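In what follows, a structure is listed as structure tokens, so that the remarks can point back to it.
Read-outs throughout are calculated quantities, based only on the coordinates presented, and are distinct from any laboratory measurement. What you see is a predicted model, and the numbers here were worked out from it, not measured in a lab. So basically every Cβ, Gly included, is an ideal-geometry build from the backbone, and we count neighbours across all protein chains shown.
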Amino acid sequence: MQTTETTHFRRLKPVPHTSVAFTDGFWAERTRINRETTIPTQFQRLEEEGFIEVLDVDQPPKPLVRPINEYGLSMQMFFDSDFGKWIEAASYSLATHPDPEIEAKIDFLVDKLDHAQLADGYLNTWFIRRDPEKRWTNLRDWHEMYSMGHLLEGAVAYYQATGKRRFLDVMIRCVDHIATVFGREPGKRRGYDAHEEIELALVKLFRATGESRFLDLARYFIDERGAQNPHYFDEEAKEFPGGKPFNFGTYEYSQSHKPVREQDEVVGHAVRAMYLYSAMADLAAEDDDASLKAALDKLWRHLTSRQLYVTGGMGPAVENEGFTRSFDLPNETAYAETCAAVSLVFWGHRMAGIDLDARFADHMELVLHNGALSGVSLAGDAYFYENPLESHGQHRRWRWHYCPCCPTNLARLVASLGGYVASHDDENVAIHLYAASTIDLEVAGRALRLTQQTAYPWDGDIRITVEADAPVPATLWLRIPGWCRDATASVNGAPVDVAALTRKGYLGIRRDWAADDEIRLHLAMPVEALHAHPDVGMDADRVALKRGPVLYCVEEADNAAPPQHMRLAAGEAKAAFDAGKLGGVVTLAVPATIDRTADWQDTLYRPRPAETVAGTITAIPYFAWANREPGAMLVWLRDGR
């Protein structure tokens, strides 16, 4: 066997999510719950919360479901985005599991949106119904193109799932309207939405239709951001005054403080940043733009070395829903919005498509198994907007949120998860995620099926078998996760030199792949105690437990005392699968000492520490916390070893 010398890839294409079927185990169950519970109940919530009513543009507006706040905004301004994300999630599900009832619900929403659209193509139900004279007057705060972008993503997904063009044509008319208003040509406004989203949606539209004008518009919005002096938002405010400042006094909030190619630190609102970087990665791939790729590499490095929670969550501050300063990663007050985690998966996946480097897929995997998945209950019908790393029992999941952007965002990610498993071109196949599944693709003009058999993420043994009518010459790249210290592999029983054949975290095996070929990959999964950088002061003298891709926490429901009373002790942490706990998870039994509090009574301070008793604590996967009775939870445990 041999490996290719190529270490940099351009445009490895994701395998369509419809070509991947989760057959058993972890992601088969999560995608089933998403399909059978999450997506249907989200439409019910949209009805119950009064969202659907806003689409009745012929009727007089009813009292606001979400009142105007002190900044002159209402969350109701953004309801169109939730329709778009729900349609997108439902469409991904339809593409693999046809459901006439779900399809009828999408058509119902499309009817409403088509009817609401103005003759010039403009489509935003808030402004059409309530403030038609104010459209395009406040790009800084009012999210018009953000909402249009989510509708556009939903339209592309629905078209690809069903072949129906009606919604796609509605959104193409809307995009063409946007292009008449914004641009560098005389008479147009040189603006861009403060909440990035339309940019990556336009790239999806370009890829679905092949029409270059959509890519041109995406390129304009990316290149124009932060490039003007005076700043567009300042000029806009002069022309259309009113309302209190909502930009937190900085352009960093919307990543418009400097041209995108000059940005080297992640700043501002976390979701906006991730959407922008995702669009930049798309454009870098389409244009082979080394300057965009260089900026993205700097931003990625800054995020992952300074700003990222151990769960893969990001954005510590509620005030700006985003970033503050380097190493500011508080636990109990962590904002770590679910949408931010979801959007990091989007960005990481795109980066892996233009540079096959395991650091991108490693973080994609981290977020999927931890900081994103924690955003939905095990039952699939209750959610977290914020994902703290410490709680005293006050954090509970909710059926719906005042600003319900996260549920539909997570639903569309899980529904399309098959598309994140692997990517390929005519000479290479890269497997990014391990899960019991089948992957159908075409390489060098020949059909190839790869079947993964594994209990991952609970077990690091992966068996991949090949089905092919004729030999397929290709390099198969298997990600060796950064957390794995010991990996072994074989092909048809013959050992593979993992160290010699691994490039940038991917094991590359070149051969003519034939029917019944079998690859065995073993990734050692010991329990590890992670330490934080010394500048993360809140985690000093503490450790977080991790096994494979899964981060652990200690929850009061499994233990005789709150986890804040516990300190890790010397000894081996033991991992065991418990089929009866939390739907079936691997738990950790960890030696510890536990503070006794009975003799403190009314004493708040004293000259001697608490007495301790030796014991064993149970740790569960972080994604599964807050699914039982209220109680304390902790990720970063005191280290007494």
So for Y71, Y622, fewest C-beta neighbours within 10 Å to most, what's the order? Y71, Y622
Mind checking which lysines have their Cα closer than 25 Å to the Cα of K258? Skip sequence neighbours fewer than 8 apart in that chain. K188, K238, K244, K293, K298
What ranking of Y220, Y335 emerges when the number of other C-beta atoms within 10 Å of each C-beta is taken as an exposure proxy, fewest first? Y220, Y335
Whole-Hz ³J(HN,Hα) from phi, Karplus 6.51 cos²θ - 1.76 cosθ + 1.60, for the stretch 255-271, glycine and proline x: 6, 10, 7, 7, x, 4, 6, 9, 7, 9, 9, 6, 9, x, 5, 5, 5
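If you stretched the chain out fully between E211 and D497, how much longer would it get, using 0.36 nm times the residue separation minus the C-alpha to C-alpha distance?
This chain segment gains 98.4 nm when fully extended.
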Cα→Cβ-extended label distance, 7 Å offset, between R449 and E70, nm: 6.1
Any idea what the relative contact order of the chain is, in percent, if you count C-alpha pairs under 8 Å spaced at least 6 apart? 14
Under a 5 Å amide H to amide H cut-off, with H placed in plane at 1.01 Å, what residues pair with V15 once short-range neighbours are removed? A422, S423, H424
Gain in length, A104 to R399, computed as 0.36 nm per residue apart minus the alpha-carbon separation, to one decimal in nm? 103.8 nm
Shape of the chain, Cα gyration tensor, a/c cut at 1.5: oblate
Computed E for Q564/N229 - FRET, C-beta separation, R0 51 angstrom, nearest 0.05: 0.50
Contact order normalised by residue count of the stretch 258-420, Cα under 8 Å, 6+ apart, percent: 21
List the residues, sorted by chain then number, that are 5 or more residues from D578 or on another chain and whose placed amide H is less than 5 Å from its amide H. V585, V586, T587
Please give the Cα centre distance for the stretch 589-626 versus the stretch 32-72, rounded to the nearest Å. 44
Tell me what the chain gives for mean residue ellipticity at 222 nm when only DSSP H runs of n ≥ 4 count, each as -39,500 (n - 2.57), the sum divided by the residue total, rounded to 500 deg cm²/dmol. -10000 deg cm²/dmol
Please identify the trypsin sites (Lys or Arg not before Pro) of the stretch 392-482 that satisfy two criteria: DSSP loop assignment and at most 14 other Cβ atoms within 10 Å. Which are they? R396
Looks like the stretch 49-247, by Cα gyration tensor root eigenvalues a ≥ b ≥ c and the a/c under 1.5 rounded cutoff (else prolate when a/b is bigger than b/c, oblate otherwise), is oblate
Once the in-chain neighbours fewer than 8 apart are removed, the lysines whose Cα is under 18 Å from K204 read K13, K85, K164
Here the gain from full extension of D639 to D440, 0.36 nm per residue of separation minus their alpha-carbon distance, amounts to 67.0 nm
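Restricting the count to DSSP beta bridges whose residues both fall in the chain, what percent are antiparallel, rounded to a multiple of 5?
If I count the DSSP bridges inside the chain, around 90 percent turn out antiparallel.
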Once you put a point 7 Å from the Cα of R189 and another 7 Å from the Cα of S326, both along the Cβ direction, what distance in nm separates them? 3.8
When we measure straight from the Cα of K546, which lysines land under 16 angstrom away, once same-chain ones fewer than 8 places off are left out? K574
Please say if the stretch 231-367 is rounded, prolate or oblate, where rounded means a/c under 1.5 for a ≥ b ≥ c the square roots of the C-alpha gyration tensor eigenvalues, and otherwise the choice is prolate for a/b larger than b/c and oblate otherwise? oblate
³J(HN,Hα) across the stretch 534-549 via Karplus (A = 6.51, B = -1.76, C = 1.60, θ = phi - 60°), whole Hz, x for Gly/Pro? x, 6, 7, x, 5, 10, 4, 6, 10, 9, 10, 8, 9, 9, x, x
Taking the Cβ of each residue in D461, D539 as the centre, tally the other Cβ atoms inside 10 Å and list the residues starting with the fewest. D461, D539
Relative to the Cα centre, what is the charge dipole magnitude of the chain, using +1 at the beta carbon of each Lys and Arg, -1 at the beta carbon of each Asp and Glu, and rounding to the nearest 20 debye? 560
Amide H contacts of V496 (H built 1.01 Å from N, under 5 Å, at least 5 apart or other chain): A489, S490, V491
